[in-house]
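Please see the structure below; I have some questions.
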Amino acid sequence: MDVTTLIDAVAQIKSQADELTHQEIIDSLSRPLAEFTTSAENQGFAEAYGPSGNYTRLLLNDPREPYQIVLVFWGPGRGSPIHDHDDTIGAVSALTGEAKEIKYGVTRCEGERVKLTQGSEFTIAPGRVTPILPEADKQLHLMVNEETRWAATVHIYLTAIHRYRQYEPTPDGAFRTAETSLWFDECRVGRRMPTRTRI
Ligand SMILES: [Fe+2]
């Protein structure tokens, strides 16, 4: 599946999302995402791409669209803090390499301080998709590339994220939320990816 077909599929799912259950949305996103991330042409693009830093975040589609398809490059050993996704629904897979995901649930909130419970672990790899759901026990995660080679992951956010929260550990075992804006090193990168039709 090329990038144009993936963008078209996400636009279609976005337009029907009101009539679908969360599980139906996850299933409809997972199929094209798994096809996209197991395509040798797309993997070749990621292998050949020279990331500008050891965490590089590219938007594949147009920033004016109401959803985001994001390509992230992770240097060896590089990871994210625990973060939420501003209540969007989405799906994540890997194009090259693999990344470990650990989900977290929010158990108690006191203003900016929250208590978190560690949930399931998952290995994100080409064709293996993890869901992002708005529910409190499925919304937060961290990701880390524990391998010695680079990883490239693909994230679909059905509602574009502009601001989200990172969760920083405090000495007493709780976490403090820090609002952060979602930035991209570059937008519309899908235009440079292998595709059968113009974007
Ligand atoms: Fe995330």
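Taken together, the values in this text are just the output of simple stated rules run on the coordinates, not laboratory data. Since the model is a prediction, treat every value here as computed from it, not as a measurement. Positions of Cβ are backbone-derived with ideal geometry, glycine not excepted, and every protein chain shown enters the neighbour counts.
Relative contact order of the chain: what whole-number percent is it, with Cα pairs under 8 angstrom and at least 6 residues apart?
Result for the chain is 29 percent.
Just how large is the dipole of the chain about the Cα centre, in debye to the nearest 20, putting +1 at every Lys and Arg Cβ and -1 at every Asp and Glu Cβ? Kindly include the intermediate steps, with their values, before the conclusion.
Numbers: 21 positive and 28 negative charges, 82 e Å.
Around 400 debye, computed over the chain.
Ranking MET1, MET143, MET193 by Cβ neighbours within 10 Å, fewest first, what do you get?
Starting with the residue having the fewest Cβ neighbours, the order is MET1, MET193, MET143.
Region 1-96: which trypsin sites (Lys or Arg not before Pro) are DSSP loop and have at most 16 other beta-carbon atoms within 10 angstrom?
Answer by residue number: ARG64.
So, how do all the Cα-to-Cα distances of region 36-107 break down into 5 Å bins, in percent, from 0 on up?
3, 12, 21, 26, 20, 13, 4, 1, 0
What is the sum of charges around ILE25, taking Lys and Arg as +1, Asp and Glu as -1, for the other residues whose C-beta is under 15 Å from the C-beta of ILE25?
-3
Which value, in nm² and rounded to one decimal, describes the direction-averaged projected area of the C-alpha convex hull of region 3-192?
Working: hull surface 42.0 nm².
Approximately 10.5 nm², given one-decimal rounding.
Counting only helical runs of four or more DSSP H residues, what would the 222 nm mean residue ellipticity of the chain come to if each run contributes -39,500 (n - 2.57) and the total is spread over all its residues?
Mean residue ellipticity at 222 nm (helix-derived): -6000 deg cm²/dmol.
Need the full-extension length gain, GLU186 to GLU110, defined as separation in residues times 0.36 nm minus the C-alpha distance. One decimal, nm. Each step should come with its number before you reach the end.
Numbers: separation 76, 0.36 × 76 = 27.36 nm, distance 3.66 nm.
In short, 23.7 nm is gained.
How much length is gained if the chain between GLU146 and THR21 is pulled fully straight, taking 0.36 nm per residue apart and subtracting their Cα-Cα distance, in nm to one decimal?
41.6 nm
Return the long-range amide H neighbours of ILE132 (sequence gap of 5 or more, or a different chain), with a cut-off of under 5 Å between placed amide H atoms.
Amide H to amide H, under 5 Å and 5 or more residues apart or across chains, ILE132 pairs with GLY90, ALA91, VAL92.
With θ taken as phi - 60° and the coefficients 6.51, -1.76 and 1.60, list the Karplus ³J(HN,Hα) couplings across region 105-112 in order, rounded to whole Hz; mark glycine and proline as x.
Karplus values, whole Hz, x for Gly and Pro: x, 8, 9, 7, 10, 9, x, 7.
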